Each structure stands twice: as structure tokens, then as C-alpha cells.
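Below you'll find the structure, written out as C-alpha cells, and then a few comments.
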Amino acid sequence: MEKILLIAHTQADGKLPKIVLETLNAAIDLTGKLGGAPLTVGLIGENVKEAADSISTCGAASFLAVEGADFSVSRYSSDAAAIEALVRKSEASIVLAPTTSRFSRAIPGAVFRLKGRVETHVSGIDVENGQLTIQRWYYRQRMVARLTREQRPWFLVVDSGILPGWQGAAASAAIEHVTVAATDFSRTQVLGIQAAAGGGSQTVRPEAEVLFVAGAGWTKKQSDGQIHGKEAESTILGFLENCNASLGSSKSLVDQSHEGEAVLPFMSHLNQVGQTGSTPRHPKGLSTCCHGEEPHAVGWRFINERRAINLDPNCGWAQGKADVLYVADAFQVMAKVNEMLKK
């Protein structure tokens, strides 16, 4: 019988991020599909008691913990050793982990030490005829594949937005502490976190309800023959602030900084959606002034409710890719929307 291990790390506040609860839901669902395979939860952090208590009623058979000052921050050497220790202690054959920057850095090393295999960006997990299969996308989200492996342990690094987060009552969890083999972690010291410069305004919000996608049309000449860069900047940032939305961008817009054209100063490649950019999974999306290139729509695919504003009713971005198309001037529409939001 398969043994399932969910590994997770705490945030700076000692709590679990949302994606961990989503991955926990996937682990619970998998235990049922595998006929009641035992589930173990392994936590990493400086102090994991609060995190363990928050999910103690999830049905896990046991809770393991690697904790201490050495494991409070993201660091390859300590995280890889902690993951290895948790897998060996649990004797897990299937390991589920959330797609976080911390685990994306450390899991490959742990997999190598354990002589296992790993699949990243898992978007679906199922059991067919008693055999575990996973789903993931390839080639910029254009091709979907279903995979299975015989080798164990098999690590499945699950993307966010696949399942809703687990919800349940908190209680006191019985935690078994796992000792990590002595290693000189001090060779690598974490001095702090340096965030990307964003013009003083946060524009990337993965947990936002709405994704606002801006296209190159915002920086082009408008009906009066002039470029309204400052107005575009204030309109877009005003909507993000009023709606607490996240900002996405077409590739053509973020590339303009290298082409000597007008740019939006708060926009960077971190905002890019599709075509070497991110594939966001927000509940709602609003696309404005975008052109109809298919690669951009690839990143737009996983938005649940998609709306677009464009003066061209035949815009390829909107046709067949948006649920609702407003044939109008984005400057005028968004100015009116911001006015309504302020009220």
C-alpha cells in the first residue's frame, strides 16, 4: 500500500500559506482514491505548533516536525536535509508538496538523495485502475499530459488554484519531532529579504480576486493623436488600489522598455501573463487594450470569468477567449469604473 506524506513549511508568522491548504486537500482526496492509504503531515519551520494545530482535524495519521532556528528561513542546505529526514521517517512512497519558491529550490536535492523522482507544476491527481496518474501542462500550457511512474518515492509538487483550500476546526495536534543529521548550515547565512522594486506600489497579488491585464494599447496614441502615459498610469494604479486587484501584462507591453517606446514605470516582466510569463488562476479577469496574439491567451486560460475591453470587436484576444466583451474605449470605461469604486 502507498504511504502519503504532505510536506509544508510555515510562513514568517508561523502559519501555513493558502497553497498548503490546497495541497492538503489534494492529499486527503488522494488517500480516499487509494483506498485509505495512510496520510502523514510533515512540517518545517522555527516553531510549527500553531500550524499543526490549525490542520490537526484533517484526518492525518500522524504529524512530523523539523523545527528550530536553522529551519526558520528558506535555505537550500537546511530545507533539503529536513525534507529528506521527513521522507525517511515516514517511509512515504508518495510525497505531495506545494509549489513555493522555498520548496522549488530544495526539493530537487532531496529527491536526488532519496533516489526518487519528481513532477513539478502538477495540476491534477487521479487514480485509474489502481494506478496513480498525474496531470501537468507543457509547452507554455498548450499541451496537457497524463503521467505515471513506478519508481518511489514519487514527489508531486502541486500548483496553486487546483483545489479549494482545506477547511476545518483547529485542535491540539500530537507532534513527533524528527532529528536532522548534523550539518554545518551556518555556511550559508540568510541576511534578509530584498523585494523587487515596484515603483512604490505592489502590483503582483496572487491571492487577489481580480486580475487586471493591461496591453500595449495603453501606451499608444489615442483618438486625439496623443499618448496619455500619465493618465494610463493613474487609471490602472487607481483600479488596482480601489479593487485590490493584481496586475498582468501582455508580453508586447513589458518588452517596450527595450524598444525605446513609452512604458508604464510600474510594469515589469514579473507582471507578464503567458508567452514565457505566468499562468495566473484568479477567479475573475479583466483584459484591456490587448492584442489578439494566442500566446497571451494561454496565460489567460485558467481565469474563471474573463472579460475584455477593446475598441476592436474582432480583437483576437477577446473572440473566443472572453466571456464578455465591452466594445469601448478602455480609458473612458476604467475612469468610470474607478469613479464608481470610490463611491
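Which residues, counting only those in segment 84-121, are of a type in the set (D, E, K, R) and outside any loop (DSSP other than H, G, I, E, B)? Quick ask: steps written out before the conclusion?
The initial filter retains those residues of segment 84-121 that are of a type in the set (D, E, K, R), namely 84, 88-89, 91, 102, 105, 113, 115, 117, 119.
If the condition is that a residue be of a type in the set (D, E, K, R) and outside any loop (DSSP other than H, G, I, E, B), then Glu84, Arg88, Lys89, Arg102, Arg105, Arg113, Arg117, Glu119 are the ones that fit.
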Over 24 Å from the mean Cα position of the chain (by Cα), over 20 Å from Ala37 (Cα atoms), surrounded by fewer than 12 Cβ atoms within 10 Å (Cβ to Cβ) and in contact (Cβ under 8 Å) with a residue 24 or more places away in the chain - does that describe any residue in segment 154-170?
yes
Test each condition in (1) in contact with a Lys or Arg (Cβ under 8 Å, 6 or more places away or on another chain); (2) of a type outside the set (A, V, I, L, M); (3) over 22 Å from Ile83 (Cα atoms); (4) not in a loop (DSSP other than H, G, I, E, B) for Arg136 and report the one that comes out false.
(1)
Looking at Ala8, Ala12, Ala60 in this structure, which one is buried (at least 17 other Cβ atoms within 10 Å of the Cβ), touching a Ser or Thr at 6+ places or on another chain (Cβ under 9 Å) and assigned to a loop (DSSP other than H, G, I, E, B)?
Ala60
In segment 215-259, anything over 23 Å from the mean Cα position of the chain (by Cα) and part of a strand (DSSP E or B) is listed as Lys221, Ile227
Taking segment 121-162 and keeping only residues that are at pLDDT 90 or above and of a type in the set (A, V, I, L, M), one is left with Val122, Ile125, Val127, Leu132, Ile134, Val144, Ala145, Leu147, Leu156, Val157, Val158
Return the total of residues in segment 239-265 being modelled with pLDDT of 85 or more and either closer than 26 Å to Gly165 by Cβ or surrounded by fewer than 19 Cβ atoms within 10 Å (Cβ to Cβ) (or both).
9
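The values are calculated or read from the model by the stated rules, or taken from the named source; none is laboratory data. The structure displayed is predicted, hence computed values, not measured ones. Methodologically, a virtual Cβ is constructed for each residue, glycine included, from the backbone with ideal geometry; neighbour enumeration extends over all protein chains shown.
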